[in-house]
Amino acid sequence: MSRERPEFNLKRKYCVSQERFLCKKTPYFNREDYDEVVYLVPSFDGWYKSIYFRNCAMIDNSDYVVFYAEERQDSGAYKALKYAKKQKDKIIVNIYN
């Protein structure tokens, strides 16, 4: 899209916490499909918490954030959406609505 609309600088990034996770063959990851691989080191060891902090790190590294999040307190996507709304310099779109 950035080639069609030069005013946008869109990159397709794949975020992972450790390079060892890229060693396994997975059907959803092909390095050639991405402009960049970003290593986000989670702040916590717990599986659920590390997903939340990885999402926060992705939000921190983005200017424009697209969500599909239902407004439910127990939803991890909704918690990340609430985090993003606290960041004043982000453009946020929730396509759930």
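Within the stretch 1-31, if we keep just the residues that are in a loop (DSSP other than H, G, I, E, B), over 19 Å from residue 60 (Cα atoms) and among the basic types (Lys, Arg), the residue that is modelled with the highest pLDDT turns out to be 25.
Residues of the stretch 61-84 that are of a type in the set (Lys, Arg) and farther than 20 Å from residue 15 by Cβ: 72 alone. Checking 34, 78, 68 one by one, the residue that is within 21 Å of residue 91 (Cβ to Cβ), modelled with pLDDT of 75 or more and more than 13 Å from the chain's Cα centre (by Cα) is 78 and no other. Within the stretch 55-65, being at pLDDT below 85 and either assigned to a loop (DSSP other than H, G, I, E, B) or open to solvent by 80 Å² or more (accessible area, probe 1.4 Å) (or both) holds for one residue alone: 61.
When 48, 52 are checked against the criterion of being modelled with pLDDT under 75 and assigned to a helix (DSSP H, G or I), 48 stands alone in meeting it. Need pairs with beta-carbon distance below 8 Å; first residue of a type in the set (Lys, Arg) and within the stretch 52-76, second assigned to a helix (DSSP H, G or I); sequence gap 6+ or separate chains. Filtered contacts from the stretch 52-76: 72/78.
The values are calculated or read from the model by the stated rules, or taken from the named source; none is laboratory data. Keep in mind the model is a prediction, meaning the values are calculated, not measured. Quick reminder, even Gly has a Cβ in these numbers, built from the backbone with ideal geometry, and neighbours come from all protein chains shown. Quick note on the areas: whole protein, heavy atoms, side chains included, nothing else; ligands and nucleic acids left out. Shrake-Rupley method; radii C 1.70, N 1.55, O 1.52, S 1.80 Å.
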